[in-house]
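Every number in this text was worked out from the coordinates using simple rules, so none of it is lab data. This is a predicted model, so every value here is computed, not measured. Please note: Cβ atoms are built from the backbone with ideal geometry, for glycine as well, and neighbour counts cover all protein chains shown.
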Amino acid sequence: MLRNGLGKAFRFLGYTVQYGCIAHCAFEYLGGIVVCSGPSMEPTIQNSDIVFSENLSRHFYCIRKGDIVIVKSPNDPKSNICKRVIGLEGDKVCTSNPSDFLKSHSYVPKGHVWLEGDNLRNSTDSRCYGPVPYGLIRGRICLKIWPLNDFGFLRASPNGHRFLDD
Amino acid sequence: SPRNPEQKIIKRVIALEGDIIKTIGYKKKYVKVPHGHIWVEGDHHGHSFDSNAFGPVSLGLLHARATHILWPPQRWQKLQPTLPPERKPLHREQE
């Protein structure tokens, strides 16, 4: 009786470990569901929206300008931030605020990206902490799942003027 | 590596967030390591592509800690976490 119970317990533990490993690999290498909070990506992503992010683009190095990405925060490795890629390495980006009279530009260094939230007035992003190393990117958001009336692929940036063409 | 995301580099941690250290060949003579970052240097000063070239490294880029050398067998050893005395931080932030 006890041996049966022990056998069942070990089998259950074995299944849990197996599923745990598969789930971990899936989240790490394929993608997962993310709940977003904060106002910095409005109107594209509102507070407590649920989105699906895929991690394949970062492993194959095909993150493009204009993608919305999930990035480990440069100042706090335990938290994640969600922003749009405005410039890749070598691109020229505008570092000054839209309200400034004199515009300043700089080039994104090698191995880094320039991130900005869609809600430019209420977003701490690369204009605050500088270009972010590519290695901190965790995944690319490809689909919005919740709220259901806004289901689907994400729109283009409302701030098209921030993208400077070479 | 902060400059090349495809590459992994192996260096020694010299300073943690909040410490102020004296740099070798960096654009600023003294650097206070920002929150969430570390300062890394290779043991062979002057011939190392480390924080003296690319600045403090975000902790999110940290991949793993090297504990032992396995190969070649004559160099089999445990890597000691020692800080060279001349590279000690000037001011350590007390926790």
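Please compute the net charge surrounding B:LEU79, taking Lys and Arg as +1 and Asp and Glu as -1 over other residues with Cβ under 10 Å from its Cβ.
Result for the local shell: +3.
As an exercise, use a Förster radius of 30 Å and the Cβ-Cβ distance of A:TYR61 and A:HIS105 to find the FRET efficiency, rounded to the nearest 0.05.
That pair, A:TYR61 with A:HIS105, gives E of 0.75.
Loop-only check: which trypsin sites (Lys or Arg not before Pro) in the range B:1-64 are DSSP coil with at most 15 other Cβ within 10 angstrom?
Qualifying residues, ordered by number: B:LYS8, B:LYS27, B:LYS28, B:LYS29.
Do the sum for chain A: with -39,500 (n - 2.57) for every DSSP H run of n ≥ 4, divided by all residues, what is the mean residue ellipticity at 222 nm, to the nearest 500 deg cm²/dmol?
That comes out to -6000 deg cm²/dmol.
Loop only per DSSP, at most 15 neighbouring Cβ atoms within 10 Å: give me the chymotrypsin sites (Phe, Trp or Tyr not before Pro) in the range A:18-98, ordered by residue number.
Loop-located and lightly packed - A:PHE60, A:TYR61.
Modelling each spin label as a point 7 Å along the Cα-to-Cβ direction, I'd like the B:ILE20/B:HIS47 distance in nm, to one decimal.
Each label point lies 7 Å from its Cα, and together they span 3.3 nm.
What are the semi-axes of the equivalent ellipsoid for chain B, taken as the square roots of 5 times the Cα gyration tensor eigenvalues, largest first, in whole Å?
Working through the eigenvalues yields semi-axes of 23, 16, 14 Å.
From zero outward in steps of 10 Å, how is the percent of C-alpha pairs of the range A:33-166 spread across the bins?
With 10 Å bins starting at 0, P(r) equals 12, 46, 34, 7, 0.
Given R₀ = 22 Å, what would the calculated FRET efficiency be for B:GLU86 paired with B:HIS35, taking r from the Cβ atoms and rounding to 0.05?
For B:GLU86 and B:HIS35, the calculated efficiency is 0.25.
What nm distance separates the two modelled labels at A:THR124 and A:PHE10, each placed 7 Å from Cα along Cα→Cβ?
Roughly 5.2 nm, to one decimal.
Loop-only check: which GluC sites (Glu not before Pro) in the range B:1-92 are DSSP coil with at most 10 other Cβ within 10 angstrom? Mind dumping the intermediate values first?
Working: sites: B:GLU6, B:GLU17, B:GLU41, B:GLU86; in loops: B:GLU6, B:GLU17.
The qualifying sites are B:GLU6.
By how many nm would the segment from A:LYS78 to A:THR95 lengthen if fully extended, with 0.36 nm per residue of separation less the alpha-carbon distance?
Length gained between A:LYS78 and A:THR95: 3.5 nm.
Around A:PRO74, what is the net charge, scoring Lys/Arg as +1 and Asp/Glu as -1 over all other residues with Cβ under 13 Å from its Cβ?
+1
Averaged over A:39-50, how many beta carbons belonging to a partner chain fall within 10 Å of each residue's beta carbon?
What the average comes to for A:39-50 is 0.
If you fit an axis through the alpha-carbon atoms of helix A:2-25 and take the longest principal axis of the Cα set of chain A, what angle between them do you get, 0 to 90°, nearest 10?
Its long axis makes an angle of about 20 degrees.
Once you order the gyration tensor axes a ≥ b ≥ c over the Cα atoms, which shape class does the protein assembly as shown get: rounded for a/c under 1.5, otherwise prolate or oblate by comparing a/b with b/c?
oblate
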